[in-house]
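The values are calculated or read from the model by the stated rules, or taken from the named source; none is laboratory data. Please read all numbers here as calculations on a predicted model, not as lab measurements. FYI the Cβ positions are ideal-geometry reconstructions off the backbone, even for glycines, and counts take in every protein chain you see.
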Amino acid sequence: MIDHLTATVTGLNDRTYVIDGAFIGSCNILEKDILTWGQGRVVYTRNPSTGESNLIHSLGLSHHLIALNFIIISFGKKSARSSPKVQVTDTDFDGVEVRVFEGSPKPDEQLRRSVIYIHGGGWALASAKISYYDQLCTAMAEELNAVIVSIEYRLVPQVFFPEQIYDVTRATRYFLRPEVLDKYRVDPARVAVSGDSAGGNLAAALGQQFSYVDSLKNKLKLQALIYPVLQALDFNTPSYQQNANTPILPRHVMVKYWVDYFKGNYDFVQAMIVNNHTSLDVEKATALRAHLDWTSLLPPSIRKNYKPVVQITGDARITQEIPQLLDASSSPLIAEQEVLQRLPKTYILTCEHDVLRDDGIMYAKRLESAGVNVTLDHFEDGFHGCMIFTSWPTNFSVGIRTRNSYIKWLDQNL
């Protein structure tokens, strides 16, 4: 049961970190923010890269997301570099770029396990080739003696929903061909899909799509979702209310990522923040509301004293112009029960200091109700994106603990 949220609940540490520079997610924080978590204090300082990308955008030289991602990748991109224990190569699967990490097989096993990994970044930022994800996938390949396929899907604003899903689906279908699995010496019965944040969203969407196709239904043994984005109907869940102004991923930034993903209008952002897009007079949204009724899906310890924000009347133009908001391919949490019950064993990692916390908890509860074997791994001192902060100068203790817990679960279940 997941009523107590837990397979792992970890404590706080008393170290102080000061971060100054361009980090994925924090790039939208313009003002200095100080967030106190128990004994620990995390200070986020003004991020110069954001001002540069916004200036470039305002001058009409480039879209601000292209400029921002250029800055991020310029400082963090890493070439494919192998080590004695992990062979790293860049290639493409059916036209989709991937970085493949091949760990050494165990002495007693001829075939290896495999994880298809999808990076985060709001569908618009980051890369399979930046150091954070290169280091994560290298660690996974080495510790799991596995083949990790990290997908370099196309980003906003070059493409929009559902092109990102098409990319990860196309690359995954290619990898699952018998001749490709043979080439990489992968056991076809031991393949998982995984991703963090927006990558977790794409991994969840991929899992649901595969569940519809009988020839693909049993191709994925597991799905592992790291603080995933799972719905765009309610931006006032307890975690959205509690962490509305939390650094790394404040609520207004997450809403903008959604609008960008759908090529929508920023004029809708403020209305969406107060749930005007899913008001009671929006009939299609009302029909889906039961799938994310957090008053019943979340335990009292999470609901606390927060109240649902449900508008009687709202702005019907939003879902008329952005109907993708109500599509289960973009919001896997609102999928029907018969879809969920076809999904494989699932791991979901959530963090207390994250607007997306409740997306993951509600999905775990809905999967459990559908009969899926699910592990919910909640970190009380965790924050959005923490799992990639595991090396100097951003070596957070909780980053190392979340990564270790995630890899341990994969090792025990894949």
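Here is a list: 332, 299. Which entry is in contact with a Gly (Cβ under 9 Å, 6 or more places away or on another chain) and closer than 20 Å to residue 374 by Cβ? Give the derivation first.
Numbers: 299 fails: in contact with a Gly (Cβ under 9 Å, 6 or more places away or on another chain).
Sole residue among the options that is in contact with a Gly (Cβ under 9 Å, 6 or more places away or on another chain) and closer than 20 Å to residue 374 by Cβ: 332.
Specify the residue that is farthest from residue 110 (Cα to Cα); the eligible residues are those in segment 142-173 that are of a type in the set (D, E, K, R) and out of contact with any Gly (no Cβ under 6 Å at 6 or more places or on another chain).
163
Within the option set 399, 382, being under 20 Å from the mean Cα position of the chain (by Cα), more than 29 Å from residue 162 (Cβ to Cβ) and without any contact (Cβ under 8 Å) to a residue 40 or more places away in the chain holds for one residue only, 399.
Mind telling me which of the residues 163, 152 ends up being charged (D, E, K, R) and touching a strand residue (DSSP E or B) at 6+ places or on another chain (Cβ under 9 Å)? Matching residue, one of 163, 152: 152. Entry remark, segment 73-93: residues being more than 23 Å from the chain's Cα centre (by Cα), exposed (fewer than 15 other Cβ atoms within 10 Å of the Cβ) and not polar (S, T, N, Q) number 4 in total.
Is segment 350-360 home to any residue that is under 29 Å from residue 286 (Cβ atoms), in contact with a strand residue (DSSP E or B) (Cβ under 7 Å, 6 or more places away or on another chain), part of a loop (DSSP other than H, G, I, E, B) and touching a residue at least 40 places away in the same chain (Cβ under 8 Å)?
Initial filter on segment 350-360 (under 29 Å from residue 286 (Cβ atoms)): 350, 354-360.
Next cut, in contact with a strand residue (DSSP E or B) (Cβ under 7 Å, 6 or more places away or on another chain) only: 350, 354, 357, 360.
Adding the requirement that they be part of a loop (DSSP other than H, G, I, E, B) leaves 354.
Applying the additional criterion that residues be touching a residue at least 40 places away in the same chain (Cβ under 8 Å) yields 354.
Within segment 350-360 (the criterion being under 29 Å from residue 286 (Cβ atoms), in contact with a strand residue (DSSP E or B) (Cβ under 7 Å, 6 or more places away or on another chain), part of a loop (DSSP other than H, G, I, E, B) and touching a residue at least 40 places away in the same chain (Cβ under 8 Å)), the answer is yes, since at least one residue qualifies.
Residue-by-condition table, conditions (1) closer than 30 Å to residue 296 by Cα; (2) surrounded by 19 or more Cβ atoms within 10 Å (Cβ to Cβ); (3) modelled with pLDDT under 95:
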site: 340; (1), (2), (3): yes, yes, no
site: 353; (1), (2), (3): yes, yes, no
site: 361; (1), (2), (3): yes, yes, no
site: 395; (1), (2), (3): no, no, yes
site: 398; (1), (2), (3): yes, yes, no
site: 413; (1), (2), (3): yes, no, no
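Name every residue in segment 330-339 that is in contact with a His (Cβ under 7 Å, 6 or more places away or on another chain) and assigned to a loop (DSSP other than H, G, I, E, B), in order of residue number. Hits for segment 330-339: nothing passes.
Taking the criterion of being closer than 26 Å to residue 158 by Cβ, out of contact with any Phe, Trp or Tyr (no Cβ under 9 Å at 6 or more places or on another chain) and buried (at least 20 other Cβ atoms within 10 Å of the Cβ), the only residue of segment 259-289 that qualifies is 268.
Restricted to segment 118-137, and to residues there that are polar (S, T, N, Q) and in a helix (DSSP H, G or I), the residue that is farthest from residue 405 (Cα to Cα) is 131.
All conditions but one from (1) surrounded by fewer than 24 Cβ atoms within 10 Å (Cβ to Cβ); (2) touching a residue at least 40 places away in the same chain (Cβ under 8 Å) apply to residue 232; the one that does not is (1). Considered as a group, the residues in segment 172-229 that are at pLDDT below 95 and among the aliphatic types (A, V, I, L, M) include one that is surrounded by the fewest Cβ atoms within 10 Å (Cβ to Cβ), and that residue is 213.
Restricting attention to segment 310-323, the residues that are in contact (Cβ under 8 Å) with a residue 40 or more places away in the chain and either in a loop (DSSP other than H, G, I, E, B) or surrounded by 18 or more Cβ atoms within 10 Å (Cβ to Cβ) (or both) add up to 5.
Got a sec? Which of 366, 342 is more than 17 Å from the chain's Cα centre (by Cα) and in a loop (DSSP other than H, G, I, E, B)?
Working: 366 fails: in a loop (DSSP other than H, G, I, E, B).
One residue alone meets the criteria, 342.
Within segment 210-242, being assigned to a loop (DSSP other than H, G, I, E, B), under 16 Å from residue 122 (Cβ atoms) and touching an Asp or Glu at 6+ places or on another chain (Cβ under 8 Å) holds for 227, 228, 229, 230, 231. A count restricted to segment 94-104 and to residues that are within 20 Å of the chain's Cα centre (by Cα) and farther than 24 Å from residue 166 by Cβ stands at 0. Being among the charged types (D, E, K, R) and part of a loop (DSSP other than H, G, I, E, B): is that true of residue 307 here? Yes. Pairs linking a residue in segment 238-251 that is in contact (Cβ under 8 Å) with a residue 40 or more places away in the chain and within 19 Å of residue 381 (Cβ to Cβ) to a residue that is polar (S, T, N, Q) and not in a loop (DSSP other than H, G, I, E, B), with Cβ atoms under 6 Å and 6 or more positions apart or on different chains, are 248/26.
Condition check for residue 254 on (1) surrounded by 15 or more Cβ atoms within 10 Å (Cβ to Cβ); (2) outside any helix (DSSP H, G or I): one failure, at (2).
Okay, residues lined up against (1) modelled with pLDDT of 95 or more; (2) buried (at least 24 other Cβ atoms within 10 Å of the Cβ); (3) under 21 Å from the mean Cα position of the chain (by Cα); (4) small (Gly, Ala, Ser):
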| position | (1), (2), (3), (4) |
| --- | --- |
| 113 | yes, yes, no, no |
| 124 | yes, no, yes, yes |
| 135 | yes, no, yes, no |
| 149 | yes, yes, yes, no |
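The set of residues in segment 248-262 that are at negative phi and of a type outside the set (Phe, Trp, Tyr) comprises 249, 250, 251, 252, 253, 254, 255, 256, 259, 260.
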